[in-house]
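Q: Got a structure for you, written out below as C-alpha cells; questions coming shortly.
The values are calculated or read from the model by the stated rules, or taken from the named source; none is laboratory data. As the structure is a prediction and not an experimental result, all values here were calculated from the model. Positions of Cβ are generated from backbone atoms using ideal geometry, with glycine treated the same way; all protein chains shown enter the neighbour counts. Surface areas here come from the heavy atoms of the whole protein model, side chains and all, with no ligands, DNA or RNA. Shrake-Rupley method; radii C 1.70, N 1.55, O 1.52, S 1.80 Å.
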Amino acid sequence: MSGEQEIRVLVVEDDPVAADAHALYAGRVEGFRVVGVAHSRAAAVRLLDRVPVDLILLDLYLPDGHGLALLRALRAAGHAADVIAVTSARDLAVVREGVSLGVVQYVLKPFAFATLRDRLTRYAEFRGAAGEASGQDEVDRALAVLRAPQPATLPKGLSGPTLEAVTRSLREAPAGLTAAEAGAAVGISRITARRYLEHLVAEGRAVRAPQYGQIGRPELQYRWRETTR
C-alpha cells in the first residue's frame, strides 16, 4: 500500500506493556500504521483532536472512564473512526452497545499476534470494498469478511496470565533476563519460562542473544523489544 492508503491506527490502552504490544502487533501488519498511543480517555481525545485516525484499537476499561463512554463522546463530536475493541470484557450487553456505536470487531484478551493480524486483515478487506453490490449475496459476503470463523489461540501449553507475567517481568528488566531469572521472577521453572520467552521472540516482542563471560555453555539473554512510535 502507498502512504496515502495506509490505515492510521490509534491504540487506546491503559496498561503500558499491553499498549506497547498492541502497537507493535498493529505496526507489523501490512497497510497499517500506528499514529499514536493513549493510556487514558483524556489522552485519546487530545490525540484525536490533532492526528487523523482511521481505526481505534480500544480497551474498554480506562482509568478515567469506560471505553464506550469515550466512543459515545467521539461520535457526538463527529469522529467517524472505526473501532476494534481489544478487551477482556465479555458482557454481551456491552458487545451489543459497542456494535451500535460502530465497534466492528472484538478481540478478547489475552491473544496472540495471529489473532489481531487476522482481524486487521479482514477489516482492511472490508474497508477496501467499493462500488455497488449486485445483490443481497454480495452484501452478505462483504459483511462476512469481518467475521472470523475461528480465533487464533496461544500455543498449546501456554496460558494468558502467565504470558502476561513473563512479559511484564521482561519489560521491567532493561538489561534483559535469562530463562532462569524470568522463571524465578514469575515463580515457574526455567524450562517453562524459556517457552514463554521463545514465544515472545517468535511474536517479535523480544530479542535474544547469547550471554558470554561465564564458564561453560553461554546462556541466552532475552530483552524486551522496544517499539518506535
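Q: Restricting to the range 106-129, give me the number of residues that are in contact with a strand residue (DSSP E or B) (Cβ under 9 Å, 6 or more places away or on another chain) and open to solvent by less than 10 Å² (accessible area, probe 1.4 Å).
A: Residues in the range 106-129 being in contact with a strand residue (DSSP E or B) (Cβ under 9 Å, 6 or more places away or on another chain) and open to solvent by less than 10 Å² (accessible area, probe 1.4 Å): 5 in total.
Q: Any idea which of (1) among the β-branched types (Val, Ile, Thr); (2) open to solvent by 10 Å² or more (accessible area, probe 1.4 Å); (3) closer than 20 Å to Val103 by Cβ; (4) outside any loop (DSSP other than H, G, I, E, B) is the one Val53 doesn't satisfy?
A: Unmet for Val53, out of (1) among the β-branched types (Val, Ile, Thr); (2) open to solvent by 10 Å² or more (accessible area, probe 1.4 Å); (3) closer than 20 Å to Val103 by Cβ; (4) outside any loop (DSSP other than H, G, I, E, B): (4).
Q: Of everything in the range 74-100, what is open to solvent by less than 40 Å² (accessible area, probe 1.4 Å), of a type outside the set (Val, Ile, Thr) and modelled with pLDDT of 90 or more? Give them in sequence order.
A: Leu74, Ala81, Ala85 - these are the residues of the range 74-100 that are open to solvent by less than 40 Å² (accessible area, probe 1.4 Å), of a type outside the set (Val, Ile, Thr) and modelled with pLDDT of 90 or more.
Q: For the range 166-177, give me the residue count where each residue is open to solvent by less than 40 Å² (accessible area, probe 1.4 Å) and either among the hydrophobic types (A, V, I, L, M, F, W, C) or at pLDDT 95 or above (or both).
A: Summing the residues that are open to solvent by less than 40 Å² (accessible area, probe 1.4 Å) and either among the hydrophobic types (A, V, I, L, M, F, W, C) or at pLDDT 95 or above (or both) in the range 166-177 gives 4.
Q: Please work out if Glu181 is assigned to a helix (DSSP H, G or I) and more than 24 Å from the chain's Cα centre (by Cα).
A: The answer is yes for Glu181.
Q: From Leu158, Leu143, Leu197, which residue is modelled with pLDDT under 85 and either open to solvent by less than 40 Å² (accessible area, probe 1.4 Å) or more than 17 Å from the chain's Cα centre (by Cα) (or both)?
A: Sole residue among the options that is modelled with pLDDT under 85 and either open to solvent by less than 40 Å² (accessible area, probe 1.4 Å) or more than 17 Å from the chain's Cα centre (by Cα) (or both): Leu143.
Q: Please name all residue pairs, on different chains or six or more residues apart, with Cβ atoms under 6 Å, provided the first residue is in the range 98-111 and is under 30 Å from His199 (Cα atoms) and the second residue is basic (Lys, Arg) and crowded, with 16+ Cβ neighbours inside 10 Å.
A: What qualifies is Gln105/Arg119; Val107/Arg119.
Q: Considering only the range 71-123, state which residues are outside any helix (DSSP H, G or I) and in contact with a Phe, Trp or Tyr (Cβ under 6 Å, 6 or more places away or on another chain).
A: The one that is outside any helix (DSSP H, G or I) and in contact with a Phe, Trp or Tyr (Cβ under 6 Å, 6 or more places away or on another chain): Ala85.
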